[in-house]
1. Mind telling me which of V117, V206, V156 comes out most flexible in a GNM of the chain, alpha-carbon contacts under 10 Å?
2. Does anything in segment 280-320 have its amide N under 18 Å from the 7 Å Cα→Cβ label point of V206, and if so which residues?
3. Segment 233-284: which chymotrypsin sites (Phe, Trp or Tyr not before Pro) are DSSP loop and have at most 12 other beta-carbon atoms within 10 angstrom?
4. Which loop chymotrypsin sites (Phe, Trp or Tyr not before Pro) in segment 74-172, with loop taken from DSSP, have no more than 12 other Cβ atoms within 10 angstrom of their Cβ?
5. Helix-only estimate, please: 222 nm mean residue ellipticity of the chain, summing -39500 (n - 2.57) across DSSP H runs of length 4 or more and dividing by its residues, to the nearest 500.
6. Name the residue, out of L17, L64, L230, whose mean-square fluctuation peaks in a Gaussian network model built on the chain with Cα pairs under 10 Å.
7. Near K275, which aspartates and glutamates are there with a Cα under 20 Å away, not counting those fewer than 8 places off in the same chain?
8. Over what distance in Å are the Cα centres of segment 154-207 and segment 1-45 separated?
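The values are calculated or read from the model by the stated rules, or taken from the named source; none is laboratory data. These numbers come from a predicted model, not from an experiment. Here the Cβ positions follow ideal geometry from the backbone for every residue, glycine too, while neighbour counts run over all protein chains shown. Accessible surface areas use protein heavy atoms only, side chains included; no ligands, DNA or RNA. Shrake-Rupley method; radii C 1.70, N 1.55, O 1.52, S 1.80 Å.
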Amino acid sequence: MANYLVTGGAGFIGSNLVNDLIKEHKVVVIDNCSMGKVENLDHSSNLKFIKGDVTDYTLMERILKNKNFDYIFHLAAIASVADSVERPVETHQVNFDSVFQLLERVRKYQPFLKRFVFSSSAAVYGDESTLPKQEESVIRPLTTYAIDKFSAEKFVLMYNNLYGVPTCVARFFNVYGPRQNPSSSYSGVISKCMDCFEKMKDNSNVKFTLFGDGKQSRDFVFVKDVIYALQIISEHPNSLGEVYNVGVGKATTLLELFSIIEGILGKNLPVSYEKARFGDIKESFADIAKLSALGYKPKYTMRKGMEEYILYFNQNSKKI
Ligand code: UD1
């Protein structure tokens, strides 16, 4: 039984990770519930939930000073890129400063830590067009969010190189699955699509807004594959000081995605077409060779992931 600290552990990816970890391990979660919810977490005597902010350094110091952790997953972030563009200073405090401050406290108080895993994003690649994206591809971050993620990555790795803090980085592609929050206009496209199906139950006029022609593609990765990747990355000796793309290694267009969902549900998605979003990239997918070399092999095809996601809706009285 190991001791874990998961920041942002009540959010979408965090809660999926924590609910898996608490089956066998002790987990401390810190989350300010800005996007996440305590209800996302299963009940367990292995779980300790702290409602708090990663920018509350007194609190963070207390947590790190008083307990030895084996693994730390830093997932807390303001995940909305649009938000980072509107509130660059505040989002920088969460997405960059908190990481730096956390690393420093880990250096001071966590001599037995086995691994600190930082969650980054494919957003760091920006609009550079070479595909698939390799970890060493050109980095062209275009927003405060992406620059914060990339700078934080560099600090995370520097703490390994200079101070021997055992760190590594995961760059997530387009993650989808249960508990993804669809509430922002910039929430992930699959969560928006599922939200639309759910709203259609009460209002038959609801339509899904499709920006562009639907031929844009993404590397959609089911959250359980992400959890599996995080487990490998955190435990493999070769991942120390390294960066990994976390995706499936395959591009799926939005039109292909809709056809998969419609096939499972036996219903059509009513679509209202809008102009492509400014700065939207046409195609994106990951080269996952580096992660595969650690033994990772995605378990979920797009169809299998969507079937499980839809099953989750149906089992949680949100029947669609
Ligand atoms: C993702 C990030 C985004 C980041 C970008 C950089 C998420 C949720 N978004 O955006 O913050 O800037 O990577 O790499 O992870 N779409 C619709 N209708 C909708 C929502 C989206 O048509 O209601 C379209 C978008 O215009 C886009 C595609 O679906 O073409 C995917 O959108 P999204 O899920 O936001 O992902 P990214 O664009 O990859």
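1. V206
2. Only 309-320 fall inside the zone, counting backbone N under 18 Å.
3. Working: sites: Y244, F258, Y273, F278; in loops: F278.
Hits after loop and neighbour filter: F278.
4. Numbers: sites: F96, F100, Y109, F112, F116, F118, Y125, Y145, F150, F155, Y159, Y163, F172; in loops: F112.
Answer in residue order: F112.
5. On the way: 11 runs with 118 residues, N = 320.
Here the helix-only value at 222 nm equals -11000 deg cm²/dmol.
6. The residue with the greatest mean-square fluctuation here is L64.
7. By straight Cα distance, K275 reaches D127, D213, E256, E283.
8. Value for the Cα centre distance between the two parts: 16 Å.
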